[in-house]
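Student: The following block contains the structure, expressed as structure tokens.
The values are calculated or read from the model by the stated rules, or taken from the named source; none is laboratory data. Note that the coordinates shown come from a computational prediction; the quantities given were computed from them, not determined experimentally. A quick note on method: Cβ atoms are made from the backbone with ideal geometry, for glycine too, and the neighbour counts reach across all protein chains shown.
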Amino acid sequence: MDFKLDKYEEELLSGCLDNKPEMQKALYDRYKDAMYTICYRMMNDDDEAHDVLQDGFIEVFKSLSKFKKQSTLGAWIKTIVVRAALAKIKKQRETVVLHHEQHDQPIIWDENLTGEYLEKGIKELPTGYRAVFTLIEVEGYSHKEVANMLDISEGTSKSQLYHSKKMLQGKLKELMY
């Protein structure tokens, strides 16, 4: 099923496919802030986030001819950028594989929790935990999608999410009190 792009996105796509630098810059400018936010949340480092953003957009421009209009252009770009971040994380290979069955138990969050504290707490998570937490809780990917992206089992994804939430809960207590 094809997704209907708006007129401006059609112009951007067409101009980029024709290798027009001004259209490439316009595409980059349109999506860079949202994509940088994702990169930063996953990498927790400004320089690494910029590297991932650059790598992601290089891949976007290389692959634009393969864009099949089955989603919005922004969603397609986001997928490429997330994969670039995951590739960098895999190189660092800090993902911890855990096989606990506790992952289905709920986590109780403090009622005074604010976005500021949450952002600070997420930044303090280890890279693997932060990646899984960000992809599932912030970006809305499923455990199956995250497992495929990270080349781990769904159970490991669930376990890492559970442990990231527990660790985050502890970090938030430290930050808030």
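Student: Identify all residues within segment 141-161 that are crowded, with 21+ Cβ neighbours inside 10 Å and of a type in the set (S, T, N, Q); write none if there are none.
Tutor: Of everything in segment 141-161, those that are crowded, with 21+ Cβ neighbours inside 10 Å and of a type in the set (S, T, N, Q) turn out to be Thr156, Ser157, Ser159, Gln160.
Student: Among the numbered criteria (1) surrounded by 13 or more Cβ atoms within 10 Å (Cβ to Cβ); (2) within 14 Å of Lys62 (Cα to Cα), which one does Asp18 miss?
Tutor: Condition not satisfied by Asp18: (1).
Student: Just to be sure before I move on: is Lys120 loosely packed, with under 11 Cβ neighbours inside 10 Å, assigned to a helix (DSSP H, G or I) and either modelled with pLDDT of 80 or more or within 21 Å of the chain's Cα centre (by Cα) (or both) in the structure I sent?
Tutor: no
Student: Please give the number of the condition Val146 fails out of (1) within 15 Å of Leu118 (Cβ to Cβ); (2) within 11 Å of the chain's Cα centre (by Cα).
Tutor: Val146 satisfies all of (1) within 15 Å of Leu118 (Cβ to Cβ); (2) within 11 Å of the chain's Cα centre (by Cα) except (1).
Student: Further, regarding this structure: Can you pull out the residues in segment 137-177 that are in a helix (DSSP H, G or I) and under 17 Å from Cys39 (Cβ atoms)?
Tutor: Glu137, Val138, Val146, Met149, Leu150
Student: Look through Ala34, Ala49, Ala26, Ala84 and report the one residue that is closer than 22 Å to Ser157 by Cα, small (Gly, Ala, Ser) and either surrounded by fewer than 17 Cβ atoms within 10 Å (Cβ to Cβ) or outside the structural domain of Lys120 (by TED's automatic domain parsing) (or both).
Tutor: Numbers: Ala34 fails: closer than 22 Å to Ser157 by Cα; Ala49 fails: closer than 22 Å to Ser157 by Cα; Ala26 fails: closer than 22 Å to Ser157 by Cα.
Within the list Ala34, Ala49, Ala26, Ala84, the selection yields Ala84.
Student: If a residue has to be under 22 Å from Gln92 (Cα atoms), small (Gly, Ala, Ser) and out of contact with any helix residue (DSSP H, G or I) (no Cβ under 7 Å at 6 or more places or on another chain) to count, how many in segment 112-157 make the cut?
Tutor: 1
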